[in-house]
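The values are calculated or read from the model by the stated rules, or taken from the named source; none is laboratory data. If you're wondering where the values come from, they're calculated on a predicted model, not measured in any experiment. Just the protein is used for accessible areas: all its heavy atoms, side chains included, with ligands, DNA and RNA removed. Shrake-Rupley method; radii C 1.70, N 1.55, O 1.52, S 1.80 Å.
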Amino acid sequence: MYSGIPLLIIDDLGMRKLPANAAEDLLEIVMRRYERTSTILTSNRPLDDWPQLLATRRRCRLPRPLMHHSHLIEIRGKSYRLHEHSLTARNRKAKATT
């Protein structure tokens, strides 16, 4: 099903730990897409945490197909979402005091 899609984007991997069966399903999708189509995974978690996020019954390191031919883009800095949240809260507080 997902193996034929030219580009699969999985956003915010690691918001919560995947159950073992879901992690296995995700890894299966990655394996079927390996060297055939493109997959983008985004996460706010460091790469060192990914083996725990993708923990399966078969305890493993990051699978080779997930890292082979990959490009890691690391963005450092403050969260834009938190910045937006603090601006909204500040505006609400200002309106409440006027």
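Each residue in the stretch 1-58 was checked for being open to solvent by 80 Å² or more (accessible area, probe 1.4 Å) and of a type in the set (F, W, Y), and 1 pass. Scanning the stretch 59-77 for residues that are of a type outside the set (V, I, T), modelled with pLDDT of 75 or more and open to solvent by 100 Å² or more (accessible area, probe 1.4 Å) yields H69, H71, L72, E74, R76. Picking from residues in the stretch 64-98 that are among the basic types (K, R) and in a helix (DSSP H, G or I), the one that is nearest to R45 (Cα to Cα) is R81.
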